[in-house]
Each structure stands twice: as structure tokens, then as C-alpha cells.
Amino acid sequence: MAASTIRALGFDLKKAEVLKLLRDNDKTGHGLMEFEAFARTMSEKLLERDPLEDLQRTFRLFDDDHTGKISLRNLRRVAKEIGDRLEDDELQAMIDEFDLDQDGEISEQEFYAIMRDDV
């Protein structure tokens, strides 16, 4: 369970790293980690993360065809994956709102501006 929770927080730790984390924080010797220790450790790891790296990783999740842009097709796929039932015209309106260079897609820089609330 710890490994899946750690992955859900956006960390890609190897099994050996997870086991070391558990060993280092196991006060009882039962292979368990108290929640407070887990929360403290994950908070420290979150503070160590590079926000730009997180934005780049998130952009790549949208840009699955590696064009360097988020297209209507990309946005439709992500909406479907998260269970959002938006129509194409609603998705296109999202793109149009933030498409600063008016090329019909969201570039990586436009995406960063959206995520930083710079638009």
C-alpha cells in the first residue's frame, strides 16, 4: 500500500527505495510505518521537488503524441480518462481561452502560464 500511495503522490520510487523508507521509519520492527512518519517524510520529499519538473511531467501526460502541443484530441483523451464528459465545443473553448498564439493548440509555454496562473 505504501508504494501505491507514494506513486499516487507523483514519486517513482523503486521497490528497494520503498523498503528502505519503511525500514528507516519502522519503530516497532513489524515492517510498518506510522502515519505521522509517513506524512513527515512525504512532506519533505514534496518540498524537495522541482516545480518545473512537475509541470513538464504533467504536460507530457497531456502530450501523448509528443508534438509539443496539447490538441483537442489530447484534451479529449485526458477528459475521458478522468471521467469528465465534456463536449468537444467545451474542450475547444478551454483551448481557445488559453491559446495565446492562436494556433489552435496549447504549447508547453502556454501550459506553464495556465498552471502558474500567469494568463
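The values are calculated or read from the model by the stated rules, or taken from the named source; none is laboratory data. It should be emphasised that the depicted structure is a prediction, and the values quoted were computed from it without experimental measurement. Here the Cβ is made from the backbone with ideal geometry for all residues, glycine too, and neighbour counts use every protein chain on show. Calculation scope for accessible area: heavy atoms of the full protein, side chains included, ligands and nucleic acids excluded. Shrake-Rupley method; radii C 1.70, N 1.55, O 1.52, S 1.80 Å.
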### Message
Only Cα pairs within less than 10 Å get springs; with that Gaussian network setup on the chain, which residue of 83, 68, 104 has the largest fluctuation?
### Response
83
### Task
Please state, rounded to one decimal and in Å, the Kirkwood hydrodynamic radius that the stretch 41-102 gives when every pair of distinct Cα atoms enters the mean of 1/r.
13.4 Å
### Task
Would you pull out the residues with amide H under 5 Å of residue 70's amide H, same chain only if 5 or more places away, H placed 1.01 Å from N?
106, 107
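When the accessible area of the chain is split by element with a 1.4 Å probe, what percent falls to carbon and sulfur? List each step's numbers first, then the result.
Working: 4590 of 8480 Å².
Carbon plus sulfur share of accessible area: 54 percent.
What number does the stretch 12-119 give for Rg over Rh if you use C-alpha atoms and the Kirkwood radius?
Details: Rg = 19.4 Å, Rh = 16.7 Å.
Dividing the radius of gyration by the Kirkwood radius yields 1.16.
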### Message
Accessible area per residue for the chain in Å², computed with a 1.4 Å probe and the full protein assembly in place, what is it?
### Response
71 Å²
### Query
With each label point set 7 Å from Cα along the Cα-Cβ vector, what nm distance links residue 108 and residue 82?
2.1 nm
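Tell me, what does the Kirkwood hydrodynamic radius of the stretch 17-66 come to in angstroms if you use every pair of distinct C-alpha atoms?
13.0 Å
Ignoring trypsin sites (Lys or Arg not before Pro) that are buried or in helix or strand per DSSP, and keeping those with at most 16 other beta carbon atoms within 10 Å, what is the longest stretch of the chain between them? Let's see the in-between values first.
Values: sites that count: 14, 27, 49, 85.
For trypsin sites (Lys or Arg not before Pro) (loop position, at most 16 other Cβ atoms within 10 Å), the longest site-free span of the chain is 50-84.
Give the longest segment of the chain that steers clear of GluC sites (Glu not before Pro) in DSSP loops with at most 15 neighbouring Cβ atoms within 10 Å, not counting the sites themselves.
Numbers: sites that count: 34, 87.
Formally, the longest exposed-site-free interval is 35-86.
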### Net charge of Cβ neighbours under 13 Å - reference residue 25; Lys, Arg +1; Asp, Glu -1
-1
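I'd like the FRET efficiency for residue 116 and residue 67, computed as 1/(1 + (r/R0)^6) with the beta carbon distance as r and R0 of 22 Å, rounded to 0.05. Intermediate results must be reported in sequence, preceding the final value.
Values: r = 22 Å, r/R0 = 1.00.
Efficiency, rounded to the nearest 0.05: 0.50.
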### Task
Tell me the label-point distance for the pair residue 92, residue 49, using the 7 Å Cα-to-Cβ offset, in nm and rounded to one decimal.
3.4 nm
### Task
Find the relative contact order for the chain and round it to a whole percent, using C-alpha pairs within less than 8 Å whose residues are 6+ positions apart.
15 percent
### Task
Subtract the Cα-Cα distance of residue 28 and residue 58 from 0.36 nm times their separation in residues, and report this length gain in nm to one decimal.
7.0 nm
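Go ahead and estimate [θ] at 222 nm for the chain from helices alone: -39,500 (n - 2.57) per DSSP H run with n ≥ 4, summed, over the residue count, rounded to 500. Could you put the intermediate results ahead of the total?
Working: 7 runs with 74 residues, N = 119.
Calculated mean residue ellipticity at 222 nm is -18500 deg cm²/dmol.
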